[in-house]
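Structure record follows, encoded as structure tokens.
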Amino acid sequence: MLGILYAITSAACFGFNNASARRAALSGTAIQGLVTSMVAGCILFLACTIAFGELSALSHMSMTDVGFLCAAGFAHFAWGRYWNIRALGAIGSNLAAPVQQYQLLLSLSLAIIFLGESLTPMKVLGIVLVVAAPAYILQRRSTARRAAARAAKAVGADAAVSEPVPKPKFTPRLVEGYTCTLLSGLGFGSSSVLAKAGLASTGAGFAGGLVSYICATCVVAAVLLLPGKLTEVVSMRGETRKWFIFSGTAVSFSQMFRYLALSV
């Protein structure tokens, strides 16, 4: 039961992260958001590791454990989050979220193959609901819009019953957006299995998350050595920085509860 509560809290924080990152992506870039989230994540996990007495767990981790946790950190915090921010900037959360839910199928397949996990009828039902719900919601919205348009046309008063539609400021870039969504789902979907494998021997969620964040931070730091990347981050505007800080903090709490859920 505790693991379920951790997972629900993680999902709620991740939803707030997506909303904040979507707002920040209107004027910022993926690398700016990535750097901000690395700073927030390292501070949070380090503080929790010390506060909850898990520093000693670091010395009990085998090289295999560290390898799995580093791979999880790269897959989720660096790879997955980079492509997720780009996807949110290209098509927004409403279009990206339904496609991203299929990362669950990847996580499930890898868990069965490599971790020996099994399915029960209730688990299958839960998976079907999680995957189908976003698609159903979008289908209902589309149906409602078409019904409203037909009703307005039937009375011959489209202009009268419809409010003037302002010129949209955001035009989805579908090819880029869905490509980035699939790439982010690949990272998010595989990271759960890698993190669970890395936490199997110690169960130290905070310490494991710290190792993952440190690895991802090293990767991002290496990216900043590329020409122009550091200047891109330093030139981040104040409004963009504010929303990326909100996003980075939310995603850090999301990952904290996610690692706790995986550890139990």
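The values are calculated or read from the model by the stated rules, or taken from the named source; none is laboratory data. What you are looking at is a predicted structure, and each value in this text was computed from that prediction instead of being measured. Cβ: placed from backbone, ideal geometry, glycine included. Neighbour counts: every protein chain shown. Calculation scope for accessible area: heavy atoms of the full protein, side chains included, ligands and nucleic acids excluded. Shrake-Rupley method; radii C 1.70, N 1.55, O 1.52, S 1.80 Å.
Within segment 32-72, the set of residues being in a helix (DSSP H, G or I), more than 24 Å from residue 224 (Cβ to Cβ) and either in contact with a Cys (Cβ under 8 Å, 6 or more places away or on another chain) or among the charged types (D, E, K, R) (or both) comprises just one member, 65. Put simply, of 221, 207, 148, 144 the only residue that is surrounded by fewer than 17 Cβ atoms within 10 Å (Cβ to Cβ), assigned to a helix (DSSP H, G or I) and at pLDDT 90 or above is 221. Residue count for segment 186-204 under the criterion of being open to solvent by 10 Å² or more (accessible area, probe 1.4 Å) and in a helix (DSSP H, G or I): the result is 7.
The single residue among 44, 5 that is under 28 Å from residue 222 (Cα atoms) and not basic (Lys, Arg) turns out to be 44. The residues listed here are 10, 56; of these, the one that is touching a Lys or Arg at 6+ places or on another chain (Cβ under 6 Å) and either more than 13 Å from residue 245 (Cα to Cα) or open to solvent by 50 Å² or more (accessible area, probe 1.4 Å) (or both) is 10.
Filtering segment 226-257 to residues that are touching a Gly at 6+ places or on another chain (Cβ under 8 Å) and open to solvent by less than 70 Å² (accessible area, probe 1.4 Å) leaves 236, 240, 243, 244, 247, 248, 251, 252, 255, 256. Would you say residue 110 is more than 22 Å from residue 16 (Cα to Cα) and part of a helix (DSSP H, G or I)? Yes: the conditions hold for residue 110. When segment 113-130 is limited to residues that are assigned to a helix (DSSP H, G or I) and in contact (Cβ under 8 Å) with a residue 24 or more places away in the chain, the one that is nearest to residue 15 (Cα to Cα) turns out to be 130.
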